[in-house]
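The values are calculated or read from the model by the stated rules, or taken from the named source; none is laboratory data. In this text, all values refer to a predicted model and were calculated from it rather than measured experimentally. Note that we place each Cβ from the backbone using ideal geometry, even for glycine, and neighbour counts take in every protein chain shown.
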Ligand code: GCB
């Protein structure tokens, strides 16, 4: 794309956004960070719902909750007498008529408010999958697009004293120009899938902060604190009691204060996941967090954690609790998934293919698991749609903003299996990479590709996007989607960017637990032996890869995916799991376990 064309494209996107604003589409704000430790009232629990498969609720203006005014009036669309759904939670797993539902569900919750003068109130959503239109007492307060990141609305001045009603139109229809687009290999769980909270703050509050070791240092923190509200010249303090550290500074006219201090930190690592209590204070606010300190970098062809080479023993995980057949969201759900990763011998988890809940990230960090966090920029994204770059940037902001202080997050993955031939793909993702580095310069950035060519027992790894990636992340399914071309141990490799560490971000194949009859050298019988052989061969292949810094089997648990309809072996499940949805370990699990034990 020429510079002129690119400029035109940007202008078009900005104009579109202005138009959306003018037509009353108000956007949600990027949420304040560390919501778990704020002064909040939970709106979790039972919400009343109306199922709206044909979208009539919009026309009936459900949010107005009209009441009959005269004897001849009647109301056809109302929450009264309808079912309730639990929040947080996906709607598909809660009502059997919603099992495969993709469409609109209206949610309603009443709450009581007695906000005092001088205080501010925010309505915060951990995530709503996929579109949310939010109404307060019959007035639209805004919308949010994107199923996996938090957002908020300030409702100070809009909230009434006494009883208030929030109505949310939730819609999980697939969007052509959405993130992800219309096709993906996981279950489309819709609903208010994470916590909803009312957060009360003072007039001026601590909106955001970044407290991490600066790149390449093991003792120096370079960061900032951002206030919202009356902000100039406030005293800002960062305290770490365990280190006897008190750092004082003042906010500038933009409410921002630079942070710079050094200390002898006990560094966070998988072996010793040390977190410190960190207290951030302004004149009117105080927020406490648990923060660990680590350095992650690529030096030459190696990944270094705290200055030492590390092999990333990872596993892919979807945000699904296999035992509940539902979207995972709670600390308990996180523990189910993360304990299984630990048991396999992992020191890292790839949280595929979208940002998982904050519970997941915080639990992983506490357990000593490094985290790979990913945007849902998956396969067929319409990069040339003028709104897509805007959505990409907004989602990136929301993901990095929430988790940038989590030392456990060592990799931001900005895309998975996109195609160089897709118009505007390279431009959009190169620009996104720059934006991500500007938001967080301490973590690694990658793009996952499957564009390599495998021929005559040799790989040619060439994608132009790798130039912008700290890791060469490769998805390859030799032995499953692509047959072996020779002895795995004799595979040859050619790289367009030979000086970067290489990570095998996906490999594997399917097996139905207990399927041990049928020829074990044929894929069509889903035998554990066939899957096990793929793993044994892959391990041989790994020994031929120059600069290998880690591997990541696809996937920890069998998971629901409606595209997987071999009714003998799959039945709506992607069966590439090392463990079944009932917790049974397949043969391949033991092979991977031994490999990690030896690493
Ligand atoms: C892939 C995708 C992953 C799929 C997996 C599969 O390459 O990245 O989302 O689920 O393959 O099972 O085919």
Exclusive hit being assigned by TED's automatic domain parsing to the domain that holds residue 53, more than 16 Å from the ligand (Cβ to nearest atom), on the phi > 0 side of the Ramachandran plot and at pLDDT 95 or above, set 146, 176, 190: 146
Residue that is in the same structural domain as residue 535 (by TED's automatic domain parsing), within 16 Å of the ligand (Cβ to nearest atom) and within 12 Å of the chain's Cα centre (by Cα), where the choices are 398, 319: 319
Picking from 512, 465, which residue would you name as being in a helix (DSSP H, G or I), modelled with pLDDT of 95 or more and within 16 Å of the ligand (Cβ to nearest atom)? 465
Here's a check for you: in segment 424-444, which residue that is over 22 Å from residue 208 (Cα atoms) and free of Cβ contacts under 8 Å to residues at least 60 places away in the same chain is farthest from the ligand (Cβ to nearest atom)? 431
Does segment 328-338 contain any residue that is touching a residue at least 40 places away in the same chain (Cβ under 8 Å), more than 16 Å from the ligand (Cβ to nearest atom) and assigned to a strand (DSSP E or B)? no
Considering each residue of segment 468-509, count those that are out of contact with any strand residue (DSSP E or B) (no Cβ under 8 Å at 6 or more places or on another chain) and away from the ligand (no atom under 16 Å from the Cβ), and give that number. 6
Going by what's in this entry, would residue 210 be described as touching a residue at least 60 places away in the same chain (Cβ under 8 Å), within 16 Å of the ligand (Cβ to nearest atom), crowded, with 18+ Cβ neighbours inside 10 Å and not assigned by TED's automatic domain parsing to the domain that holds residue 348? no
Members of segment 543-558 that are part of a loop (DSSP other than H, G, I, E, B) and within 21 Å of residue 413 (Cα to Cα): 547, 552, 553, 554, 555, 556
Turns out the strands (runs of 3 or more DSSP E) fully within segment 276-323 with at least 3 residues that are more than 20 Å from residue 475 (Cα to Cα) are 276-281, 286-291, 296-299
Of the residues in segment 542-583, those that are away from the ligand (no atom under 16 Å from the Cβ) and under 12 Å from residue 511 (Cα atoms) come to 568
